[in-house]
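Values in this text are rule-based calculations from the coordinates and carry no lab data. Values in this document were obtained by computation on a predicted structure and should not be read as measured data. Quick reminder, even Gly has a Cβ in these numbers, built from the backbone with ideal geometry, and neighbours come from all protein chains shown.
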Amino acid sequence: MNFTRTCGKHFFLANRATFPLKKSTSSLSNWKAKLINTNTVKSSIFPWLNRPHVAQLKPQQLQLKQFHSSGQLQFIRISNYNYNRNYNTLKQALIFSGLFIVGTTVATPYIFQYTPLAYFNKHPSHLVYGLIGINLAVFGLWQVPKYWRVLSRYALLEKDVLYSKWSIVGSTFSHQEFWHFAINMLALYSFGTSLANMVGASTFTQLYLNSGVVASLASIAYPIIFKIPITAASLGASGSLFGVFATFAYLVPTAKIMVFVFPIPGGAWVAFLGSCIWNAAGCAMRWGSFDYAAHLGGSLAGVLYGWWIAKKVEEQRSKRLRAYRF
């Protein structure tokens, strides 16, 4: 069986593997480990700490070596980027993302009221610990080779082909390396616990999930709309984290923000605007290996949630004032 059909497309430049003919009889475990994606576009809220290389391919024909189950090494010619096909991918991603956002917005309040998740209404900060636990579980699964096939399908976001639409969600909980996981979870703990106590468990869950989905959608749309042949896969929680950070900065714009022990002048909103400028410049200049588009997508979702939450708070305050007067 064709390995790409079985496990997903892993032949983009960042993790392409070649095999000399004299090694064509090597065991499955040896060559499978080389094909599994390890050089993806890391998505971290602290982008200067990421250093992997982004694969940017020119829209031309490539000749690749492909290992078949028959034990023979054959050459195949593929088109490494197909814009027409990718517009179909974007359409599928838009439909799925829209349905997911509507579904979470409608269902989440009821789930947190009528199921055991109601516990988090009294302890919103514990929800953040649960999210960290889910991210930790996915990170742990990446360390076990027998789960790579499933994770590559559901926890790795390909730009040109969606092998599963659920990868739009699953990739936002996915980390392959410990330092990547640790940095993102530190950011989630730092902003998430405070924000969850402010807005409540249900709203925070909507924010976290939907910001991640919008970030994944932006990650898919950016190379397709601007016709940039970036075919490296993406993973990481920073789309959700930038959404959390954006909402926090919108609601508490003067809150003090520190990077390690260094304070950022101007408070949370200035820090957030600085991150937006950095990410926008990254999209325009295409420097580094970071998923800037995902960061901007999550940031946009976070600002919208911040505006919506602030509006609800103001409406409730006005309602209480009117009731008090009469």
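Size check on region 112-178: the Cα extents along the three principal axes, sorted descending, read 41, 24, 17 Å.
Summary of packing: across the peptides 157-169, 129-141, the per-residue average of other C-beta atoms within 10 Å ranks them, highest first, as 157-169, 129-141.
In a fully extended conformation the segment linking Val270 and Ser318 would gain 14.4 nm over its present Cα-Cα distance, using 0.36 nm per residue. Across region 110-229, Cα-Cα pairs more than 19 Å apart make up 55 percent of the total.
The equivalent ellipsoid of region 83-322 has semi-axes of 28, 21, 19 Å, largest first, where each one is the square root of 5 times an eigenvalue of the Cα gyration tensor.
For Ile228, Ile264, Ile277, the sequence from fewest to most other C-beta atoms within 10 Å is Ile277, Ile264, Ile228. Shown for Thr105, Thr172, Thr205: other C-beta atoms within 10 Å of each C-beta, ranked fewest to most, produce the order Thr105, Thr205, Thr172. Amide H contacts of Asp291 (H built 1.01 Å from N, in plane; Pro and chain starts excluded): Ser44 sit under 5 Å, all sequence-distant by 5 or more or on other chains.
On full extension, the segment bounded by Tyr129 and Lys146 gains 3.4 nm, given 0.36 nm per residue less the C-alpha separation. Cross-linked pairs Lys256/Lys312; Lys122/Lys312; Lys256/Lys311; Lys122/Lys311; Lys165/Lys312: Cα-Cα separations exceed 30 Å for Lys165/Lys312. Net charge dipole, region 83-322: roughly 440 debye, given to the nearest 20, about the Cα centre with Cβ charges of +1 for Lys and Arg and -1 for Asp and Glu.
Applied to region 290-301, the Karplus parametrisation 6.51 cos²θ - 1.76 cosθ + 1.60 on θ = phi - 60° returns per-residue 3J(HN,Hα) values of 10, 8, 4, 4, 5, 4, 5, x, x, 5, 4, 4 Hz, with x for Gly and Pro.
By the Cα gyration tensor, region 203-294 has an equivalent ellipsoid whose semi-axes, rounded to whole angstrom, run 25, 17, 10 from largest to smallest. With the simple model of a label 7 Å out from the Cα in the direction of the Cβ, Met198 to Val261 spans 2.7 nm.
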